[in-house]
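Let me begin by presenting the structure, written as structure tokens, before commenting on it.
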Amino acid sequence: MALLPDFEPAQLPADAVEVGRIADAWGVKGWFKVLPFSADADVLLSSKRWFLQPSERGARTFTGTVLMPVKQAREHSGSIVATAEAIADRNAAEALKGARIFVARAEFPKAAEDEYYWVDLLGLDVVNREGVALGQVKDLMSTGPQTVLVIAYEEEGKALERMIPFVSAYVDKVELSERRITVDWQTDY
């Protein structure tokens, strides 16, 4: 397995977040189509340093982690297309198919007030207004009109989950620095 040309081997940053994968070549000039893991692809559009790892399944054209300087990324027909200096033609772009894309969390655009990146909410403790611990954010689920916090907790030795809509009617406060979310929710809901 040869390293792709002009991609330098790299260490994955400690704050790296997987943000998408390369779907396939796009056109004949070295562009490739990207499948973002978020409906809001600002991270892919703004970051100029993508860290790639080979796909977990399928053909592997490189090993380890490589740094790919992104020349341009843009929206096109509801998806993202991008190109890099080292990718000169369709064959080189096809060699990237399935590659996993990571971006350092520090490179994410600043979130607007009262907006949060999902990755920042994972692992936060959730307490209600009375200070009762409800568990920790294990996952988030998009249900279309709203996002739902999936909270993991333990009761009588059993691992359980509760779901709380991530909307202002139930979420009073998100304190990232305190690693805590305060909600208007009870243990028996």
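What follows draws every value from the coordinates through simple rules; no lab data is involved. Treat the numbers as computed from the prediction; the structure is a model and nothing was measured. Reconstructed Cβ throughout: ideal geometry from the backbone, glycine too, with neighbour counts over all protein chains shown.
GNM on the chain, C-alpha springs below 10 Å: top fluctuator among Ser177, Ser46, Ser79?
So, out of Ser177, Ser46, Ser79, the one fluctuating most is Ser177.
Can you compute the FRET efficiency between Lys71 and Thr147 using 1/(1 + (r/R0)^6), with r the Cβ-Cβ distance and R0 = 41 Å? Round to the nearest 0.05.
On the way: r = 33 Å, r/R0 = 0.81.
So, using R0 = 41 Å, E works out to roughly 0.80.
I'd like the distance separating the alpha-carbon centroids of the stretch 36-108 and the stretch 135-189, in whole Å.
About 32 Å separates the Cα centre of the stretch 36-108 from the one of the stretch 135-189.
Can you compute the label reach from Glu178? Point 7 Å from Cα along the Cβ direction, backbone N cut-off under 18 Å, restricted to the stretch 102-118.
Of the residues in the stretch 102-118, 114-116 have backbone N under 18 Å from the label point off Glu178.
How large are Rg and Dmax for the chain when calculated on the C-alpha trace, in angstrom?
19.8, 60
Mind giving me the FRET efficiency for Ser46 and Ala112? R0 is 22 Å, r the Cβ-Cβ distance, nearest 0.05 is fine. Don't jump to the answer; show the numbers that get you there.
Values: r = 14 Å, r/R0 = 0.65.
It comes out at approximately 0.95.
Tell me which residues come under 5 Å, amide H to amide H, from Lys71 once H is placed; ignore anything under 5 positions away on its chain.
Thr83, Ala84, Glu85
Please give the contour-minus-distance gain from Leu140 to Lys29: 0.36 nm per residue of separation, less the Cα-Cα distance, rounded to one decimal in nm.
Values: separation 111, 0.36 × 111 = 39.96 nm, distance 3.76 nm.
Length gained, Leu140 through Lys29: 36.2 nm.
Could I have the simple spin-label model distance between Glu154 and Asn91, label points 7 Å from Cα toward Cβ, reported in nm to one decimal?
5.6 nm
Starting with the fewest neighbours, write out Lys158, Lys29 ranked by other beta-carbon atoms found within 10 Å of each beta-carbon. Don't skip to the answer; put the middle values down first.
Values: Lys158 7, Lys29 12.
Ordered by Cβ neighbours within 10 Å, fewest first: Lys158, Lys29.
Return the long-range amide H neighbours of Ile80 (sequence gap of 5 or more, or a different chain), with a cut-off of under 5 Å between placed amide H atoms.
Val34
State, in angstrom, two size descriptors of the stretch 118-183 derived from its alpha carbons: Rg to one decimal place and Dmax to the nearest whole number.
Expressed in Å, the Cα Rg and Dmax of the stretch 118-183 come to 11.3, 34.
Can you list the residues of the stretch 159-179 with backbone N under 13 Å from a point 7 Å past the Cα of Asp120, pointing along Cα to Cβ?
174-179
Convert each backbone phi in the stretch 79-87 into a coupling constant with the Karplus relation 6.51 cos²θ - 1.76 cosθ + 1.60 (shift: θ = phi - 60°), then list the ³J(HN,Hα) values in order as whole Hz, x for Gly and Pro.
My calculation for the stretch 79-87 gives 9, 10, 10, 8, 9, 9, 3, 6, 9 Hz in order.
Name the lysines eligible as straight-distance cross-link partners of Lys29: C-alpha to C-alpha under 17 Å, and not fewer than 8 places from it in the same chain.
Of all the lysines, those that pass the test against Lys29 - Cα under 17 Å, at least 8 places apart if same chain - are Lys71, Lys97.
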